[in-house]
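All of the numbers you see were taken from the coordinates with simple rules; none came from a lab. Every value quoted in this text rests on a predicted model; they were computed, and no experiment measured them. Here the Cβ is made from the backbone with ideal geometry for all residues, glycine too, and neighbour counts use every protein chain on show.
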């Protein structure tokens, strides 16, 4: 069965593409990106459309590629009264997300010390597989992290009150239930708070190179030539274990509630059920852990800037979640509805006047942060009314792989990747060269192509473009 | 003849198949396929042993829980394993896997190349074809 073109850059996956679809699929993509679209990813988009209570469409963003259960780049809004919640719609790395900081120091002044800065960031912020944090916590303190999120970090001296104001959810989801977090998740969480992790996670120093929207960039505090810092990490082992624990519970729930699914990884439970309530509570706990993690890293980043450049005034532009499920209100068929929005590799893109975004940004819409792959441009966009109408206030999240990690390692050598980046004026530092090969820029779709699609459709609009200068990979 | 396990290409994740003449061999090979990604098996010495028991309603979940538990022992208890003695018994409630794991604690000399976030249920199966047990697993990395 073929996809149906609705209009430029919007395609429909018709009902019947896979058995049991309740709504059509809707893919935002360009003719160019379609060439790399995997049939299995379309199948996954269609599978999501079979979830009970799914509203409007099963949505996929232009970076869409095969995930497990949901495709990466997937968004689904499920009826808040008789829909379901699915851990597969959030993924293992709960609240993997991005935080953007900005400093008044112009990149031209910083360049001379960039090497030193990257070295010091690498030394200060633990990264790499199974990296252990510098914090010494006990299980009771960790429970507070699960309950309070970024606020825990600020209360313990890692950052300021202002920081909280510029995080999605103010860095804390109130429905977290730390008492339901398993001992295993606590054990994994204890040693990893304040660590970057590995794989696609990174810390990047960049520079605002182009402004597309003068008013919005002014409100977001971005000026051409300014230095930016991007932090990309999530809930580490705590989140991975919480999702692992819950998948087993949900497999039984599927049976108990007689839900038919095309893929085990889509296991779900009706909202209001014991299983759904418990999952939502521990997912919020993991999300809070991730916000605390990015907050602690922010603090250490400020310390490094202070030490090397004598300036610790790094302001948070915003902090967004890329993997999360949230209870929100949206207009569906002209009526206000409670919707549980799953964003799996997608970003919230709330428009202006929304009470859930910082007051300072309400004349513009929320900042949307789209990291590029290593060595490519990142973007700041703004949320729009069109996103509220079409995509439950959601847009794309990043570049999305085109090559598997092993293919990338076969094709590229870490040392060459490093050399090529250097020739382009980008310093890359990683625990191992193989990470640099896995994360080679060409292993990903171009962030420019992804962002152009969402901008042209209007589910978010370009505000500024950031060129990378230095990157630390785990 | 067949390999004990093979790795397949998957865009975002790692996928493998493991084989065995018995269900026990198949599960042991799946565990080896996973640990071999973390540290080459020949770099894992046998210095400790540990028993674990897993129960599940069906074979798919038995495999999922088995590998998830092993992954937890790596992250939560810093242990690596390379040899597995397994027995799997079927009863009215499903399956029980009893195992002795052989390996060592993670040391500075172990170079760990990949961060496996979790075992997924995506495309996971255990089946028997021509007297060979095969399982397939996708790991989130």
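Here is how the numbers come out for the structure above:
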{"item": "Fewest-first sequence of B:122, B:110 by Cβ atoms within 10 Å of each Cβ", "result": "B:110, B:122"}
{"item": "Relative contact order of the stretch B:18-140, pairs being alpha-carbon contacts under 8 Å that are 6 or more residues apart, as %", "result": "33"}
{"item": "Residue B:98-residue A:38 FRET efficiency (beta carbon distance; Förster radius 56 Å; 0.05 resolution)", "result": "0.90"}
{"item": "Shielding score for B:65-75, defined as the mean number of other chain Cβ atoms within 10 Å", "result": "4"}
{"item": "Length-normalised contact order of chain A in % [C-alpha pairs under 8 Å, at least 6 apart]", "result": "21"}
{"item": "Two-site label geometry, residue A:116 and residue A:82: point separation in nm, points 7 Å out along Cα→Cβ", "result": "6.6"}
{"item": "log₁₀ of I(q)/I(0) at q = 0.12, 0.15, 0.18, 0.22 Å⁻¹ - chain B, Debye sum with one point per alpha carbon", "result": "-0.44, -0.70, -1.03, -1.52"}
{"item": "Proxy reagent accessibility, fewest Cβ within 10 Å first, across A:107, A:34, A:64, A:301", "result": "A:34, A:107, A:301, A:64"}
{"item": "Sum of -39500 (n - 2.57) over DSSP H runs of 4+, divided by residues of chain B (222 nm, nearest 500)", "result": "-8500 deg cm²/dmol"}
{"item": "Nitroxide proxy distance, nm - points 7 Å out along Cα→Cβ at residue A:329 and residue A:161", "result": "2.7"}
{"item": "Among B:95, B:111, B:125: highest mean-square fluctuation, GNM of chain B, C-alpha pairs under 10 Å", "result": "B:111"}
{"item": "Exposure proxy ranking, count of Cβ atoms within 10 Å, fewest first, for A:342, A:424, A:299", "result": "A:424, A:299, A:342"}
{"item": "Computed E for residue A:407/residue A:5 - FRET, C-beta separation, R0 35 angstrom, nearest 0.05", "result": "0.70"}
{"item": "Residue with peak Gaussian network fluctuation, chain B [Cα springs, cutoff 10 Å], from B:65, B:107, B:92", "result": "B:92"}
{"item": "On Cα atoms only, tilt of A:183-192 relative to the major axis of chain A in degrees", "result": "30"}
{"item": "CD proxy at 222 nm, helix term only [per DSSP H run n ≥ 4: -39500 (n - 2.57); per residue of chain A; nearest 500]", "result": "-10000 deg cm²/dmol"}
